[in-house]
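Please treat every number below as a calculation from the coordinates, not as lab data. Just so it is clear, the structure is predicted and the values come from calculations on it, not from any experiment. Glycine gets a Cβ as well: all are built from the backbone with ideal geometry, and neighbour counts include every protein chain shown.
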Amino acid sequence: MVRIAPSLLAADFTRLGEVVHMLNQSEADWLHCDIMDGRFVPNLSFGLPVVQAVRRVAAKPLDVHLMIAEPEHYLSAFADAGADVLTVHLEACPHLHRVIQAIHQLGLKAGVAVNPHTSIGLLSDIIHDVEVVCLMSVNPGFGGQAFIPHTFSRLAQLRELIAQSGARAQIEVDGGVDLSNAAALAAQGANILVAGNSVFSSADPLETIRQMKRQTNTISV
Ligand code: DX5
Ligand code: ZN
């Protein structure tokens with residue numbers, strides 16, 4: 001099953017409660033929360049109080065993507081705020097294995113995200129330890145950017161790494177995902193698709209999610 005994870009970053013923040021209720025009724029699987037610190041990425045987004053508020057109304061798992069430096073200082077805070085999946089960037093973690101262990105000790109699923117230029121080979125000694133690899137298909141920091149086509153070759157490399165190592169990590173693709181590339185990403189082995197702008201800028205977000213879900217789950221991988 002391919003999961004769809006709408007990114008709240010693209011939602012209308014003046015109506016966040018209504019948006020989450022809409023997502024509760026939708027075919028979305030996870031709610032993706034993009035946390036930016038102005039250091040690891042050149043932008044700020046939202047933080048703990050917003051995640052806590054979303055948790056109070058969300059009926060689906062919260063997939064929290066930490067685009068922050070030294071994420072180890074905030075793991076328990078995001079666990080308390082209601083994260084179900086906590087993803088850190090490989091590039092932000094000199095002690096990545098320790099950080100992944102800490103996420104597991106908090107009882108959460110752990111993800112590792114990689115920027116578009118980071119070699120897939122750098123995942124070979126952590127792939128057994130994570131539930132999710134988040135393959136960035138844009139440079140992190142902003143919603144609404146264009147999908148980087150080279151992601152397809154990276155997706156193939158990551159699939160190969162997972163197959164060869166016998167790991168069980170799920171592949172998440174994040175950035176510029178829309179109805180023009182979702183089916184191809186699913187066919188190439190993506191298990192989770194994050195979609196911000198393509199969902200929330202569409203005339204009918206519920207219908208866009210439904211179409212993305214249909215397109216990606218009619219193909220057997
Ligand atoms: C990028 C974020 C993405 C982004 C996705 O820094 O990690 O999750 O919000 O939004 P779209 O789908 O608009 O690229
Ligand atoms: Zn994200």
Rank-order 187-195, 114-122, 46-54 by packing density, defined as the average count of other C-beta atoms within 10 Å over each peptide's residues, highest first.
-> 187-195, 46-54, 114-122
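Just flag the trypsin sites (Lys or Arg not before Pro) in region 149-200 sitting in loop per DSSP whose Cβ has no more than 12 other Cβ atoms within 10 Å. Don't skip to the answer; put the middle values down first.
Values: sites: Arg154, Arg159, Arg168; in loops: Arg168.
When the trypsin sites (Lys or Arg not before Pro) of region 149-200 are filtered for loop state and at most 12 Cβ neighbours within 10 Å, Arg168 remain.
Report the Rg/Rh value for the chain, based on alpha-carbon coordinates and the Kirkwood definition of Rh. The partial results should precede the final answer.
Working: Rg = 15.9 Å, Rh = 17.1 Å.
With Rh from the inverse mean 1/r over Cα pairs, Rg/Rh is 0.93.
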Whole-number percent relative contact order across region 3-216, with pairs defined as alpha carbons under 8 Å at least 6 apart = 21
If one builds a Gaussian network model of the chain from Cα atoms under 10 Å apart, the most fluctuating residue listed among Asp37, Asp63, Asp178 is Asp37
Residue of Thr14, Thr87, Thr151 that the Gaussian network model of the chain assigns the largest fluctuation, springs spanning Cα pairs under 10 Å | Thr14
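Going from the alpha-carbon gyration tensor of region 122-221, what semi-axes, largest first and in whole Å, does one get by taking the root of 5 times each eigenvalue? Numbers along the way, then the final one.
Values: eigenvalues 119, 46, 24 Å².
Each semi-axis is the square root of five times an eigenvalue, giving 24, 15, 11 Å.
So which trypsin sites (Lys or Arg not before Pro) in region 23-58 pass both tests, a DSSP loop state and at most 13 other Cβ atoms within 10 Å of the Cβ?
Working: sites: Arg39, Arg55, Arg56; in loops: Arg39.
Passing sites in region 23-58 are Arg39.
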